[in-house]
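Taking it in order: structure first as structure tokens, then the write-up.
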Amino acid sequence: MALTKKILVTGGAGYIGAHTVVELINAGYEPVIIDDLSKSDRTLLEGIEKITGKKVNFQKGDCCDKVFVRDVFKTQGPFSSVLHFAAYKSVGESVQIPLTYYQNNIDSLVTMLAVMKENNVTDFIFSSSCTVYGQPDQIPVNESAPFKRAESPYGATKQMCERILEDAHLNGYRVISLRYFNPVGAHPSAQLGELPIGAPNNLVPYVTQTAAGVREKLTVFGNDYNTPDGSCLRDFIHVVDLAIAHVKAMEYLAKRPEDKLCEAFNVGTGVGVSVLQLIDKFEKATGVKFAYTIGPRRPGDVEKVYADPAKVNAALNWKTKYTLEESLLHAWQWEKKIRNIQ
Ligand code: WQD
């Protein structure tokens, strides 16, 4: 594949995709965004332009639409890599509408791979998830942990997608799957952040919306787990750290053009933090208290999961830089900006 700076970013109008587009531009690449705006709008595209001063190349459409994807490759290519973020990603929501998750997350992947093949593009960075492990037997969890039964349809789609990518690799694709833990926070400029549609499924946007008075109170989904304070443990990673990991992964492939690579990396901080600890850290980092109550467990949740990031730290020469307090402060600054709170 002729080396070009053009990178295709699917789901690039979304939370993690938009932050990655900024880091790609900062690194001198020319990202082309595909997004159907089903779970986002143009706000983050505007934020990218404000941060970088560059016009964004945005192609509105669905990754499941082969005609549309073919046209993007034809008119906007050639691409040296594809970064694939486009997928539905709520653990809780996937339990309610599993077939929508299976159709969208798997069809979009297979369609993208097929059109890449037609255009001789092999390098693929996949947005995977720690939910592929189910409830790991050992934590911190490393990449050799087995895929147990996923606790949610969302996690099951990521397991199936990784299997598809292993088989695609045997047919010439070069793949890196980045298994995210819990992406949180916002760009320090407060020009990018999470923009959930409706009531947030995820913890941190629910926290910031409650702190902003948009929600009456946060419900902590269970405090009877086998953890120090009874609430679930997670690995909360700053979204900018995660975005930079994508650029590093793409360059890792580009620097090894002859290697038939198929790798997976656990991308986390390596630190487990509970829901109740996060609430406490938010209040300490921002000085803002908010109401919360303890409610029943949420179906699909795993009890505790956090990363052993040794493999990604070594292979990509990358590790997280932001603290959880900084993530929470950035998330709060973003919330205040979109709510016009001083
Ligand atoms: C975190 C904790 C909830 C909301 C995320 C991503 C998913 C995947 C895995 C990347 C859980 C609790 C939440 C609330 C709560 N990452 N919670 N009250 O489920 O870990 O999944 O990481 O692929 O895409 O979404 O994240 O933020 O929904 O929940 O108590 O109102 O917070 O029970 O223990 P989750 P989450």
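When residues of segment 301-328 are filtered for being part of a helix (DSSP H, G or I) and either in contact (Cβ under 8 Å) with a residue 60 or more places away in the chain or charged (D, E, K, R) (or both), how many remain? Selection size over segment 301-328: 10.
Helices (runs of 4 or more DSSP H) fully within segment 54-139 that include at least 2 residues being in contact (Cβ under 8 Å) with a residue 40 or more places away in the chain, within 21 Å of Met160 (Cβ to Cβ) and polar (S, T, N, Q): 98-118.
Please work out which residue is nearest to the chain's Cα centre (by Cα), limiting yourself to segment 234-270 and to residues that are of a type in the set (Asp, Glu) and farther than 19 Å from Glu143 by Cα.
Here the answer is Asp241.
Against the list (1) hydrophobic (A, V, I, L, M, F, W, C); (2) out of contact with any helix residue (DSSP H, G or I) (no Cβ under 7 Å at 6 or more places or on another chain); (3) part of a helix (DSSP H, G or I), the condition Leu37 fails is (3). Checking each residue in segment 185-234 for being near the ligand (Cβ under 8 Å from one of its atoms) and either free of Cβ contacts under 8 Å to residues at least 24 places away in the same chain or over 24 Å from Gly272 (Cα atoms) (or both) picks out Pro200, Tyr206. Among the candidates Leu316, Leu261, Leu242, the residue that is closer than 23 Å to Lys5 by Cβ, modelled with pLDDT of 95 or more, touching a helix residue (DSSP H, G or I) at 6+ places or on another chain (Cβ under 7 Å) and within 13 Å of the ligand (Cβ to nearest atom) is uniquely Leu242. Is it the case that segment 207-228 has a residue that's assigned by TED's automatic domain parsing to the domain that holds Ala331 and closer than 15 Å to Asn182 by Cα? Looking for residues that are assigned by TED's automatic domain parsing to the domain that holds Ala331 and closer than 15 Å to Asn182 by Cα, one finds at least one in segment 207-228, hence yes.
Kindly indicate whether any position in segment 285-297 is within 13 Å of the ligand (Cβ to nearest atom), buried (at least 19 other Cβ atoms within 10 Å of the Cβ) and under 24 Å from Glu93 (Cα atoms).
Going through segment 285-297, the residues within 13 Å of the ligand (Cβ to nearest atom) turn out to be 290-297.
Remaining after also requiring buried (at least 19 other Cβ atoms within 10 Å of the Cβ): 290.
Retained after the next criterion (residues that are under 24 Å from Glu93 (Cα atoms)): none.
Within segment 285-297 (the criterion being within 13 Å of the ligand (Cβ to nearest atom), buried (at least 19 other Cβ atoms within 10 Å of the Cβ) and under 24 Å from Glu93 (Cα atoms)), the answer is no, since none of the residues qualifies.
Listed conditions (1) of a type outside the set (Lys, Arg); (2) under 18 Å from the mean Cα position of the chain (by Cα); (3) within 15 Å of the ligand (Cβ to nearest atom); (4) not assigned by TED's automatic domain parsing to the domain that holds Ser90 are all met by Asn182, apart from (4).
Looking for something modelled with pLDDT of 95 or more and in a helix (DSSP H, G or I) - is there at least one such residue anywhere in segment 268-276? Break it down stepwise before answering.
If we filter segment 268-276 for residues that are modelled with pLDDT of 95 or more, which is where we start, we get 268-276.
Add one more test, that the residue is in a helix (DSSP H, G or I), and what stays is 275-276.
Yes, the conditions are met somewhere in segment 268-276.
In this structure, does Gln277 turn out to be free of Cβ contacts under 8 Å to residues at least 40 places away in the same chain and either out of contact with any strand residue (DSSP E or B) (no Cβ under 6 Å at 6 or more places or on another chain) or within 16 Å of the ligand (Cβ to nearest atom) (or both)?
Working: free of Cβ contacts under 8 Å to residues at least 40 places away in the same chain: no; either out of contact with any strand residue (DSSP E or B) (no Cβ under 6 Å at 6 or more places or on another chain) or within 16 Å of the ligand (Cβ to nearest atom) (or both): yes.
In short, no.
Do we find that Ala13 is within 23 Å of Asp241 (Cβ to Cβ), in a helix (DSSP H, G or I) and either in the same structural domain as Ser108 (by TED's automatic domain parsing) or hydrophobic (A, V, I, L, M, F, W, C) (or both) in this structure?
No: the conditions fail for Ala13.
The values are calculated or read from the model by the stated rules, or taken from the named source; none is laboratory data. Bear in mind that the values here come from a model prediction, so they are computed numbers and not experimental data. Here the Cβ is made from the backbone with ideal geometry for all residues, glycine too, and neighbour counts use every protein chain on show.
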